[in-house]
Amino acid sequence: MSRRTLKVVGWRLLQVVPVIVLATFAVFGLLQLVPGDPAAVIAGETATAERIAQIREMLGLDLPLWQQYAQWLGGAVQGDLSTSLITGLPVLDEVLRRLPNTLLIVFYALLLAVGISLPLGILAATHVDGRVDRFVTSIASLGITVPNFWVGMILVGLFALQFGWFPTTGAVSITEDPGRALWHATLPAIALASSGIAEITRQLRSALIEVLSSQYVRTLHAKGLSQSLILWKHGLKNVSLTLLTVIGLVFNRTLGATVAIEAVFAIPGTGSLVVASATNKDFPVVQGVVFILVMIVILCNLLIDILYSILDPRMNKQ
Amino acid sequence: MADMTSPVPSAPLLDVRDLGIAFRSGAGMVQVTRDVTFAIAPGETVGLVGESGCGKTVTGLALMGLLPSATSHITGSVQLEGENLIGMPARQLQRRRGAKISMIFQEPMSALDPVFTIGQQISETLRAHRSVSAKEARERGIEALARVGIPEPALRFDAYPHQLSGGMRQRAMIAIAIVCEPRLLIADEPTTALDVTVQAQIVDVLGDLCARLGMAMLFITHDLGLVAQTCSRLVTMYAGEVIEQGRIDDMLVRPRHPYTSGLLRSLPALAARKTKLPAIPGRVPMRGEMPDGCRFRPRCDFALPPCEAPQPLDPVPPVGQVRCCRNDELELKGVLS
């Protein structure tokens, strides 16, 4: 790693702190707008107002909001993400138990998106305005406008209920049975990937068209390089930056989209956890999930920044 | 007929005959150049001049086979060492590009791939045409950089384009073009985007290379001052046609076409001092609104009714040609006497 790369890493890590504080603070604030009272949930439907107040005091919910938040943040800094208000179980354990299910469908979806959009984008860009290009472009436009969860429902209806090729719902741990885990994850991953495929294809197509019609590509032709060398060596290296940016964005968006997809496929992941906890105002759990997801997003961006500084020599200009 | 079309006495290196280029545009084809005929002898430097939009660059690109085949239609013939490049299969043409015939462009800023080093871009050219080892490619690449006057060539070899100045980039571009020692270099306005002081250096480098490698050069420019320094012959294009060609010494003294005369006299460096610079009135006609007969007629001070007829290229002894029916009677002014 060059000095510049190390600097990028250091700088990014410094930026992590305020980002996490801001993200958790925003979530904490928004959560107060959600109707519901964890004390009432715990106390049960028949509990008296006194009993509820007692529980509220026990959980520290009677404290001012900023104190509640400060307490949570203080614990989080020390690696303690507190316990669930409802179940009393450690949040970190719960999040880490569910995270693999979510990450499985996210990475599966990302792999599908990149694997499918790469050849599509290249095909379209090398046959501009041809039949292939028009077909790919219209499919991509469709993919962007159709919501993921709707694709998910169609997939379930067709391939799970109609043909019975895939299970309708649920997940299997990847460590227990990788084969069945992938089988369960396939439909959710396709649903998640649909908009990513469209996005990456479109961006790759337009970036590659621009590169291939650039003056330096004309120079490459003038030098007598072959069509394939120009495309695969110069074309791809020049679009790799655009590609990286888009893949990063698609990753972040896919992570967010799991909330709806996990609901459609009843997958016990972080997305469904956050939905359930938010309804109960179980804020330590919501905070914990957000905290971990923000960390993942930041890690992903960090990785992209490092790749940038490796791929683009112009980044090294002081 | 032979005398008419090939003004170069010995077997020419490049022989362009009746080159016509048409672009597909909307419904039909638009003819961009027609009947472009000229030749270049081995080792000769020829200037191709004219205002912007006269078809100079397009002609250069057509010689290289770099016009997109889907949107352009090329007629006529371009013989390089006896082989016709027009209609040659793409693979064969590709083997000649960069090896026998090379081209450098106007914008050194955008003509080099930004994410590869200068060295990588030289080496890949060499390795596309010659079977050399990586080490050998490096040595010959550094040698090429030294040849175009880049200081510390071994260091610059590993530099990226953005780390070099405009002049250095154009030198690097030239190094890439000549690394395989081509027989012909097409230089398309190679100095237009550069500072005046750097322009002269680049012209010197090019002249020096031609002399040392025995390389011929087609120097495309609108700057007649540069042409006067470097070229032995001059081809003037106007509105997609060759309208005059001949030895530069003859043309500077007595141009035969009013357009060439106008171009020469509008040059501050060459024009007579303490006189108002004469400009050619009007502009190059747009494609699709070409006048009948002589295309320069609407802007010409000497136009007469016979000029409304199509003008053939007439021979001008000993080796010149001109597309003007009044060339004998007119005593046009040059810039030398």
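Taking the conditions exactly as written (outside the structural domain of A:Gln287 (by TED's automatic domain parsing) and either under 34 Å from the mean Cα position of the chain (by Cα) or at pLDDT 80 or above (or both)), does A:Leu92 satisfy them or not?
Criteria met by A:Leu92.
Select from segment A:302-318 the residues that are within 14 Å of chain B (Cβ to nearest Cβ) and out of contact with any Ser or Thr (no Cβ under 6 Å at 6 or more places or on another chain) and list them in ascending order.
A:Leu307, A:Tyr308, A:Ile310, A:Asp312, A:Pro313, A:Arg314, A:Asn316, A:Lys317, A:Gln318
Identify, please: which residue in segment B:67-84 is more than 16 Å from the chain's Cα centre (by Cα) and among the aliphatic types (A, V, I, L, M) and is, among those, nearest to the other protein chains (Cβ to nearest Cβ)?
Among residues in segment B:67-84 that are more than 16 Å from the chain's Cα centre (by Cα) and among the aliphatic types (A, V, I, L, M), the one nearest to the other protein chains (Cβ to nearest Cβ) is B:Ala70.
Would you pick out the residues in segment B:85-124 that are within 7 Å of chain A (Cβ to nearest Cβ), part of a helix (DSSP H, G or I) and among the polar types (S, T, N, Q)?
B:Gln94
As an exercise: evaluate B:Thr191 against (1) buried (at least 19 other Cβ atoms within 10 Å of the Cβ); (2) within 12 Å of chain A (Cβ to nearest Cβ) and give the number of the one condition it does not meet.
Unmet for B:Thr191, out of (1) buried (at least 19 other Cβ atoms within 10 Å of the Cβ); (2) within 12 Å of chain A (Cβ to nearest Cβ): (2).
Scanning for something touching a Ser or Thr at 6+ places or on another chain (Cβ under 8 Å), basic (Lys, Arg) and surrounded by 14 or more Cβ atoms within 10 Å (Cβ to Cβ), does segment A:40-61 turn up at least one residue?
No, the conditions are met nowhere in segment A:40-61.
In this structure, does A:Thr270 turn out to be under 17 Å from the mean Cα position of the chain (by Cα), of a type in the set (S, T, N, Q), more than 14 Å from chain B (Cβ to nearest Cβ) and within 25 Å of A:Gly170 (Cα to Cα)?
Against the criterion (under 17 Å from the mean Cα position of the chain (by Cα), of a type in the set (S, T, N, Q), more than 14 Å from chain B (Cβ to nearest Cβ) and within 25 Å of A:Gly170 (Cα to Cα)), A:Thr270 qualifies.
Looking for something in a helix (DSSP H, G or I) and either within 14 Å of chain A (Cβ to nearest Cβ) or buried (at least 20 other Cβ atoms within 10 Å of the Cβ) (or both) - is there at least one such residue anywhere in segment B:194-202?
yes
Looking at (1) buried (at least 18 other Cβ atoms within 10 Å of the Cβ); (2) modelled with pLDDT of 90 or more, find the lone condition where B:Cys300 falls short.
(2)
Quick one: which residue in B:Gly293, B:Gly246, B:Gly282, B:Gly288 is part of a strand (DSSP E or B) and of a type in the set (Gly, Ala, Ser)?
B:Gly246
Return the residues of segment A:200-228 that are within 18 Å of B:Gly98 (Cβ to Cβ), surrounded by fewer than 23 Cβ atoms within 10 Å (Cβ to Cβ) and β-branched (Val, Ile, Thr); say none if nothing qualifies.
Answer for segment A:200-228, where residues must be within 18 Å of B:Gly98 (Cβ to Cβ), surrounded by fewer than 23 Cβ atoms within 10 Å (Cβ to Cβ) and β-branched (Val, Ile, Thr): just A:Val217.
With respect to B:Thr57, determine if the residue is away from chain A (no Cβ under 14 Å), under 16 Å from the mean Cα position of the chain (by Cα) and either closer than 14 Å to B:Met237 by Cβ or not in a strand (DSSP E or B) (or both).
Judged against the criteria, B:Thr57 is not a match.
Only one of these is on the phi < 0 side of the Ramachandran plot and either within 15 Å of the chain's Cα centre (by Cα) or among the acidic types (Asp, Glu) (or both): A:Val290, A:Val285, A:Val239. Name it.
So the residue among A:Val290, A:Val285, A:Val239 that is on the phi < 0 side of the Ramachandran plot and either within 15 Å of the chain's Cα centre (by Cα) or among the acidic types (Asp, Glu) (or both) is A:Val290.
Report every pair of residues separated by at least 6 positions or lying on different chains whose Cβ atoms are under 7 Å apart, first residue within segment A:154-178 and outside the structural domain of A:Gly143 (by TED's automatic domain parsing), second not hydroxyl-bearing (Ser, Thr, Tyr).
So the pair list comes out empty.
Test of understanding: among A:Leu299, A:Leu241, A:Leu249, A:Leu231, which residue is surrounded by fewer than 21 Cβ atoms within 10 Å (Cβ to Cβ), over 30 Å from A:Leu81 (Cα atoms) and more than 10 Å from chain B (Cβ to nearest Cβ)?
A:Leu231
With of a type in the set (D, E, K, R), in contact with a strand residue (DSSP E or B) (Cβ under 8 Å, 6 or more places away or on another chain) and more than 9 Å from chain A (Cβ to nearest Cβ) as the only criterion, which of B:Arg183, B:Arg147, B:Arg127 stands out?
B:Arg183
Out of the residues in segment A:176-228 meeting the condition of being within 14 Å of chain B (Cβ to nearest Cβ) and of a type in the set (D, E, K, R), tell me which one is farthest from B:His129 (Cα to Cα).
A:Glu210
From the list A:Trp232, A:Trp183, pick out the single residue that is over 19 Å from the mean Cα position of the chain (by Cα) and free of Cβ contacts under 8 Å to residues at least 12 places away in the same chain.
Just a single option satisfies the conditions, and that option is A:Trp232.
In the list B:Ala309, B:Ala239, which residue meets the criterion of being of a type outside the set (Asp, Glu), under 26 Å from B:Val32 (Cα atoms) and either surrounded by 19 or more Cβ atoms within 10 Å (Cβ to Cβ) or not assigned by TED's automatic domain parsing to the domain that holds B:Arg17 (or both)?
Exactly one residue qualifies, and that residue is B:Ala239.
Is it the case that some residue within segment B:90-113 is over 14 Å from the mean Cα position of the chain (by Cα), among the basic types (Lys, Arg) and within 19 Å of B:Gly288 (Cβ to Cβ)?
Checking segment B:90-113: not a single residue is over 14 Å from the mean Cα position of the chain (by Cα), among the basic types (Lys, Arg) and within 19 Å of B:Gly288 (Cβ to Cβ).
Just to be sure, is A:Asp93 acidic (Asp, Glu), surrounded by fewer than 16 Cβ atoms within 10 Å (Cβ to Cβ), without any contact (Cβ under 8 Å) to a residue 12 or more places away in the chain and under 28 Å from A:Ala278 (Cα atoms)?
yes
Here is a yes/no grid of residues against (1) touching a Pro at 6+ places or on another chain (Cβ under 7 Å); (2) under 17 Å from B:Cys324 (Cα atoms):
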{"position": "B:Cys180", "(1), (2)": "no, no"}
{"position": "B:Asp204", "(1), (2)": "no, no"}
{"position": "B:Ala211", "(1), (2)": "no, no"}
{"position": "B:Arg233", "(1), (2)": "no, no"}
{"position": "B:Asp249", "(1), (2)": "no, no"}
{"position": "B:Tyr259", "(1), (2)": "no, yes"}
{"position": "B:Gly282", "(1), (2)": "yes, no"}
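The values are calculated or read from the model by the stated rules, or taken from the named source; none is laboratory data. Since the model is a prediction, treat every value here as computed from it, not as a measurement. Here the Cβ is made from the backbone with ideal geometry for all residues, glycine too, and neighbour counts use every protein chain on show.
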